[in-house]
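Novice: Okay, handing you the structure first.
The values are calculated or read from the model by the stated rules, or taken from the named source; none is laboratory data. Note that the structure is a prediction, hence the values are computed from the model and not measured. Reconstructed Cβ throughout: ideal geometry from the backbone, glycine too, with neighbour counts over all protein chains shown. Side chains included, ligands, DNA and RNA excluded: accessible areas come from the protein's heavy atoms. Shrake-Rupley method; radii C 1.70, N 1.55, O 1.52, S 1.80 Å.
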Amino acid sequence: AMKELSSLVDALYSRLLLRDVFGKVVPGSIAILAFILGLFEPQSIVQTLTEIPLGAWPILYGVAWLAGFVIQQIPQAFNRSHTYDREKYDDKELAFNAHLRAVRYAMVEDHDRQQLERFVVIKEATGNAFWAIFIAPLLLLLSSRPSVEILWQQWWPFLNQYWMVFLVWGAVIYFLGKQHKSSLKNQHEYMETVVPLMSLSSNVPRQSNE
């Protein structure tokens, strides 16, 4: 039974199911929901979701999955992506990918692969969720399209009324960003224990000690 459970967990990681759900679909759903909230009342959204036929859910899943890719490109467009340690790999993503391939090739045990993929899933999920929640207020404003005059007149009463919401929003963003960087560090440290970066061929940039 334990062997079957281990095989199931390994399949979830190796076939990218967990990374797709938590790294793409969940952040994509957050962004889509934020945009829709500016167009319709929450009650009508909930009612529509309960009336969606079963056959339409795979399509919605795919839309949220694609939206997750769009969100993932936002930090890369502004050079704010943290998918690897830029200092360790001399700001070269190809060097990181070469190291990652070497690590995966060297792994023979299922639990080793699961541990590595766990770090990758957490890193991607927290990073994309960070940006989805960060841009959610902007998407809400874009879809609701309030006038500049209304924004100028109502921003303080709105902030005074919903300050707790903004406080929670800021805290969630902060801790997601913190966990993302922690998972990035844990992934690199784990990769180093499997295949040290210095042991790779000379065409892979090495960390400078100077």
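Novice: Suppose we filter 9, 46 for residues that are of a type in the set (Val, Ile, Thr), modelled with pLDDT under 90 and closer than 21 Å to residue 114 by Cα; which single one remains?
Specialist: That would be 9, the only listed residue that is of a type in the set (Val, Ile, Thr), modelled with pLDDT under 90 and closer than 21 Å to residue 114 by Cα.
Novice: Criterion first (farther than 26 Å from residue 144 by Cβ, among the hydrophobic types (A, V, I, L, M, F, W, C) and touching a residue at least 40 places away in the same chain (Cβ under 8 Å)) does residue 18 satisfy it?
Specialist: yes
Novice: State all residues of region 42-71 that are within 24 Å of the chain's Cα centre (by Cα) and open to solvent by less than 40 Å² (accessible area, probe 1.4 Å); if no residue qualifies, say none.
Specialist: Hits for region 42-71 are 62, 64, 67, 68, 71.
Novice: With respect to residue 39, is the statement that it is modelled with pLDDT of 80 or more, open to solvent by 60 Å² or more (accessible area, probe 1.4 Å), in a loop (DSSP other than H, G, I, E, B) and more than 24 Å from residue 189 (Cβ to Cβ) true?
Specialist: Yes.
Novice: Same structure, new question: Return the pair list, or none, for Cβ contacts closer than 8 Å from residues in region 39-60 that are of a type outside the set (S, T, N, Q) to residues that are open to solvent by less than 100 Å² (accessible area, probe 1.4 Å) and outside any helix (DSSP H, G or I), at least 6 apart or on different chains.
Specialist: Final answer for the pair search is 60/52.
Novice: So which of 70, 26, 63 ends up being in contact with a helix residue (DSSP H, G or I) (Cβ under 8 Å, 6 or more places away or on another chain), among the aliphatic types (A, V, I, L, M) and closer than 18 Å to residue 176 by Cα? Talk me through it step by step, then tell me what you get.
Specialist: Numbers: 70 fails: closer than 18 Å to residue 176 by Cα; 63 fails: closer than 18 Å to residue 176 by Cα.
Answer to the check: 26.
Novice: Now a separate question. Just one of 149, 192 is open to solvent by 100 Å² or more (accessible area, probe 1.4 Å), in a helix (DSSP H, G or I), acidic (Asp, Glu) and at pLDDT below 85; which is it?
Specialist: Within the list 149, 192, the selection yields 149.
Novice: Does residue 176 meet the test of being open to solvent by less than 60 Å² (accessible area, probe 1.4 Å), at pLDDT 85 or above and touching an Asp or Glu at 6+ places or on another chain (Cβ under 7 Å)?
Specialist: Working: open to solvent by less than 60 Å² (accessible area, probe 1.4 Å): yes; at pLDDT 85 or above: yes; touching an Asp or Glu at 6+ places or on another chain (Cβ under 7 Å): no.
Considered against the rule, which asks whether it is open to solvent by less than 60 Å² (accessible area, probe 1.4 Å), at pLDDT 85 or above and touching an Asp or Glu at 6+ places or on another chain (Cβ under 7 Å), residue 176 comes out as no.
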